[in-house]
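Take a look at the structure set out below.
What follows draws every value from the coordinates through simple rules; no lab data is involved. Remember, predicted model here, so these are calculated numbers, not experimental data. Cβ coordinates were reconstructed from backbone atoms using ideal geometry, including for glycine residues, and neighbour counts include every protein chain displayed.
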Amino acid sequence: PRPFSAQDLMEAVERMASTRRPERSRVLVLDDDPDAVRTLSVALTSPRVEVVGLGDPFRLVESLAEHRPDLLLLDVEMPGPSGFDLCRIVRSMPEWRELPILFITAHTGVEFRVAAFQAGADDYLSKPVLREELRARVHSRLERARLARDRAERDSLTGLLLRRPFLESLRGRLAEALRQDKPLALLLLDLDRFKQVNDTHGHLAGDRVLVRLGRMLAARFRKEDLRCRWGGEEFAVTLLGETAQSARDILSRTARELGRIAFEGEKGETFHVTLSAGIAVASQDGTQVETLLQRADERLYRAKRNGRDRIEI
Ligand code: GH3
Ligand code: MG
Ligand code: MG
Ligand code: MG
Ligand code: MG
């Protein structure tokens, strides 16, 4: 049997890392009865699910912004706005239009269930709620929502973020980095002479290079770092807390590893690839996403002009 090489192991680790479950999902529970909040929290909290409890309906909108939940559990009867009113309000906010919303209430009448769905609910449970059923319903909604989000936000070949969701997240990360007074490095990567790689070794071999680099990028760095298929054979990465020099060191390790991989072409031949990159760092190179992209792109262009297989800062 073929020995399991170090490279096979690396690949297996990268595969696992790129398909590993994302961080815990967050469920926001709004109920004016603290006992209900507690019971639901205990029922739902698990290694996969984190629960944030809220007793004040007037704080829902602010709580959505603060905790960014993946699912909302709503009570119906509360002092002030009803759960149905709140559901309508949440649905009117573009950002939360697709948030899964489940009602839990003592009301069992059909008119309540109808009103809940008319207000935009995804599901409705009447008390007493069986813990196992609650968990199953919540998990199923969370999983559906995650798959839908992934499909909308991720490139199907590499599994990395598409440009638009990347840019949306980047704005938030940049604001947060500036607020914490930490540097945020933006890296633009472009495979060298990739048209020639395709022409010489076949488009499928080219695709395998993209998949492999995508996996390497997914497996490295920290959870909060963003990785994006910027387009074609170009990728974008953010590294929080890194200077231009340290970001370059980190990326050059990945580039060296990529360069060592013997890819197989369409006629069974092997070939190697290199990449060029440009790095810009907030705040020294700018405090706007557009400025940073422009600086990184200028440096990427310079890396190409200076002979490729290099990273410019
Ligand atoms: P440079 O070193 O200047 O970047 O040269 P290059 O050939 O990489 O640059 P160019 O932008 O001219 O060509 C990019 C190539 O990347 C052309 C296109 O065929 C290839 N490419 C883009 N997307 C994909 C893809 O999804 N799969 C494959 N196999 N190739 C792709
Ligand atoms: Mg209640
Ligand atoms: Mg109540
Ligand atoms: Mg290019
Ligand atoms: Mg290229």
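In table form, for the structure just shown:
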quantity: Segment 88-156 and segment 282-313: distance between their alpha carbon centers, rounded to Å; calculated: 44
quantity: Rounded if a/c under 1.5, otherwise prolate or oblate - segment 117-163, Cα gyration tensor axes; calculated: oblate
quantity: Cα-based helix-to-principal-axis angle, 244-260 vs the chain, degrees rounded to 10; calculated: 70
quantity: Antiparallel %, DSSP beta bridges [both residues in the chain], to 5; calculated: 50
quantity: Exposure proxy ranking, count of Cβ atoms within 10 Å, fewest first, for H272, H139; calculated: H272, H139
quantity: Dipole magnitude of the chain about its Cα centre (Cβ charges: Lys, Arg +1; Asp, Glu -1), debye to nearest 20; calculated: 1000
quantity: Two-site label geometry, E11 and E66: point separation in nm, points 7 Å out along Cα→Cβ; calculated: 4.9
quantity: Extension gain from F58 to S92, taking 0.36 nm per residue of separation minus the Cα-Cα distance; calculated: 10.6 nm
quantity: Global form of segment 138-241, assessed from the alpha-carbon gyration tensor, a/c cut-off 1.5; calculated: oblate
quantity: Interatomic Cα distance distribution for the chain, bins of 20 angstrom, percent; calculated: 28, 44, 25, 3
quantity: Mean Cα-pair separation over length for segment 53-157, i.e. relative contact order, pairs under 8 Å, 6 or more apart, %; calculated: 24
quantity: Likely footprinting exposure, M93, M10, fewest C-beta neighbours within 10 Å first; calculated: M93, M10
quantity: Fluctuation leader among E176, E95, E233 - the chain, Gaussian network, Cα springs under 10 angstrom; calculated: E95
quantity: Length added when fully stretched, F271-Q245, from 0.36 nm per residue minus Cα-Cα; calculated: 6.4 nm
quantity: Simple label model, 7 Å out from Cα along Cβ direction - F117 to R26, nm; calculated: 3.1
